[in-house]
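Structure record follows, encoded as structure tokens.
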Amino acid sequence: MMGGFSLAVHGGAGVLHRDQMTPEREADYHAALERVLSAGEAVLDADGSALDAVTQAVCALENEPLFNAGRGAVFTRNEQQEMDAALMDGRNRQAGAVAGIFGPKNPVLAARSVLEHTDHVLMIGEGALAVARTAGLDFEEQDYFFTQERWDALQETLKMEAEGTLDDDPSRRHGTVGAVARDRNGHLAAATSTGGMTAKRSGRVGDSPVIGAGTYADDATCAVSATGDGEAFLRLCAAHEIDARMRLTSVSLERAAEDVIMTELTALNGTGGIIALDRNGAITTPFNCEGMYRGWSVEGDGRKTAIY
Ligand code: ASP
């Protein structure tokens with residue numbers, strides 16, 4: 001199958017409420033999403049693979065401190081940063097993922113090194129870091145990953161917990177980044193990277209690095225990257241559920257994604273959203289909360305970024 005490329009990216013479903021969003025901040029988010037789209041488009045426009053495009057787009061998202069992944073990742077309740085990332089190649093359903101890691105500048109590249117240099121899919125701890133080191137990846141120290149905003153969010157969350165006033169406001173808790181792409185050869189890929197949820201327990205792993213929950217790609221159906229309440233996405237096997245509905249009941253991507261997010265996720269009291277595209281490059285971005293930082297680009301049809 002041939003045709004033009006498609007790319008969609010997200011910077012998480014934990015958007016600032018409209019009344020807290022200033023025009024300057026809004027412009028910063030749009031500009032960051034534009035930079036990320038450019039990084040992915042550059043690969044696809046040079047006839048690169050969907051897998052390379054989602055890898056580059058997620059690296060660009062991880063490098064933006066505005067988003068909860070890589071630089072700017074949220075803190076655990078022990079004041080650490082533990083990052084999860086995954087990617088999947090729709091050509092052959094090969095996948096690589098890492099969970100709970102700290103050190104690699106770009107966790108998605110650590111996931112890619114698991115895909116490329118091991119027989120495994122999901123790795124944690126020292127073993128995952130050793131694979132990243134052997135692959136020659138850049139490592140960074142705490143001061144690179146630290147942002148004041150995420151630190152303050154942790155302190156605020158712990159204070160609310162202590163006072164018994166903790167709510168489940170997505171704008172404080174959520175965030176993740178991801179990309180899905182269809183290349184000019186009709187191949188699909190998905191990648192997701194996150195610091196997880198603010199004030200999570202040390203050792204907690206969300207949906208993002210779990211293939212079939214927060215990340216999935218198969219050329220026959222779709223590529224999906226999720227953001228939101230990780231535990232709900234895990235219980236739903238959300239990304240694979242969308243694939244399964246398309247494969248087994250022949251519904252469109254749009255319908256499958258809408259049902260899983262608006263009906264199933266909502267029924268579990270979960271909030272969040274996904275970005276997804278199908279084998280024809282048609283993109284859908286449903287979410288059941290106030291907003292999701294997102295952008296998309298379709299060859300010959302231009303690009304767009306959106307928050308609410
Ligand atoms: N889904 C991510 C996690 O549970 C967080 C998010 O997207 O907000 O780790």
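The values are calculated or read from the model by the stated rules, or taken from the named source; none is laboratory data. This structure is a prediction, so every number in the text was calculated from the model and none was measured. Glycine also receives a Cβ, built like all others from the backbone with ideal geometry; neighbour counts cover every protein chain displayed. Heads up: the accessible areas ignore ligands, DNA and RNA and are worked out on the full protein's heavy atoms, side chains in. Shrake-Rupley method; radii C 1.70, N 1.55, O 1.52, S 1.80 Å.
Taking only protein heavy atoms and a 1.4 Å probe, what accessible area per residue, in Å², does the chain have with all protein chains in place? Could the numbers behind the result be given before it?
Working: 12090 Å² over 308 residues.
Accessible area per residue: 39 Å².
To the nearest Å, what is the center-to-center distance of segment 1-41 and segment 207-232, using C-alpha atoms only?
Cα centroid of segment 1-41 versus Cα centroid of segment 207-232: 19 Å apart.
Kindly write out, for segment 54-59 in residue order, the coupling ³J(HN,Hα) from the Karplus curve 6.51 cos²θ - 1.76 cosθ + 1.60 (θ = phi - 60°), rounded to whole Hz, with x marking Gly and Pro.
Result, rounded to whole Hz: 5, 5, 5, 5, 6, 4.
Could you give me the ³J(HN,Hα) list for segment 229-245, computed from phi with Karplus coefficients 6.51, -1.76, 1.60 and θ = phi - 60°, whole Hz, x at Gly and Pro?
5, x, 5, 5, 5, 5, 5, 7, 6, 4, 5, 6, 4, 5, 4, 5, 5
What is the packing order of peptides 172-180, 77-85, taking the mean over residues of other C-beta atoms within 10 Å and listing the highest first?
Descending mean neighbour count gives 172-180, 77-85.
Compute a Gaussian network model of the chain, connecting alpha carbons closer than 10 Å, and tell me which residue from Ala153, Ala13, Ala50 fluctuates the most.
Fluctuation is largest for Ala153.
Based on the Cβ-Cβ distance from Lys159 to Glu34, what FRET efficiency comes out when R0 is 41 Å, to the nearest 0.05?
Details: r = 36 Å, r/R0 = 0.87.
The pair Lys159/Glu34 has a calculated efficiency of 0.70.
Let a ≥ b ≥ c be the square roots of the eigenvalues of the Cα gyration tensor of the chain; is it rounded (a/c under 1.5), or, if not, prolate (a/b larger than b/c) or oblate? It would help to have the intermediate numbers written out before the result.
On the way: a/c = 1.42, a/b = 1.22, b/c = 1.16.
Cα axes put the chain in the rounded bin.
Taking the Cβ of Phe5 as the centre, find all other residues whose Cβ is under 11 Å away and add up their charges (Lys, Arg: +1; Asp, Glu: -1). The partial results should precede the final answer.
Working: positive: Arg182, Arg184; negative: Glu41, Asp45, Asp47, Asp183, Glu299, Asp301.
Overall, the nearby charge balance is -4.
Give the lysines reachable from Lys200 as a straight Cα distance under 30 Å; neighbours fewer than 8 places away on the same chain don't count.
The qualifying lysines are Lys105, Lys159.
Tell me, what % of the accessible area of segment 126-173 is carbon and sulfur with a 1.4 angstrom probe? It would help to have the intermediate numbers written out before the result.
Working: 1420 of 2980 Å².
Carbon and sulfur: 48 percent of the exposed surface of segment 126-173.
May I ask for the net charge around Ala39, where only other residues with Cβ less than 13 Å from the Cβ of Ala39 are counted and Lys, Arg are +1 while Asp, Glu are -1? All intermediate terms of the calculation are to be shown ahead of the outcome.
Details: positive: Arg35, Arg303; negative: Glu34, Glu41, Asp45, Asp52, Glu62, Glu64.
Spelling it out: positives minus negatives among the neighbours equals -4.
With the cut-off at 1.5 for a/c, could you classify segment 1-141 from its C-alpha gyration tensor as rounded, prolate or oblate? Display every interim value, and only then the final one.
Numbers: a/c = 2.18, a/b = 1.12, b/c = 1.95.
Oblate is the answer for segment 1-141, as a/c is 1.5 or above yet b/c matches or exceeds a/b.
Classify segment 243-308 as rounded, prolate or oblate from the Cα gyration tensor: take a ≥ b ≥ c as the square roots of its eigenvalues, call it rounded if a/c is under 1.5, otherwise prolate when a/b beats b/c and oblate if not.
On the way: a/c = 3.62, a/b = 1.14, b/c = 3.17.
Verdict is oblate for segment 243-308.
Ranked highest first by average number of other Cβ atoms within 10 Å, how do 215-221, 104-110 line up? Provide the component values of the computation, followed by the final result.
Details: 215-221: 25.0, 104-110: 26.6.
Ranking the peptides 215-221, 104-110 by packing returns 104-110, 215-221.
For Gly175, enumerate residues with amide H under 5 Å from its amide H, sequence gap 5+ or separate chain, H modeled in the peptide plane.
For Gly175, whose amide H was placed from the backbone, the distant partners under 5 Å are Ala13, Gly14, Gly228.
Short version: ³J(HN,Hα) in whole Hz for each residue of segment 144-157, in order, from phi by Karplus 6.51 cos²θ - 1.76 cosθ + 1.60 (θ = phi - 60°), x for Gly and Pro, what are they?
The phi angles translate into 6, 7, 5, 10, 4, 4, 5, 4, 4, 5, 5, 4, 5, 5 Hz.
Ordered by packing density, taken as the mean number of other Cβ atoms within 10 Å over each peptide's residues, highest first, how do 239-252, 267-280, 187-200, 131-144 rank? Walk me through the numbers before you get to the answer.
Details: 239-252: 18.3, 267-280: 21.9, 187-200: 28.6, 131-144: 13.7.
Put in order of decreasing packing, that is 187-200, 267-280, 239-252, 131-144.
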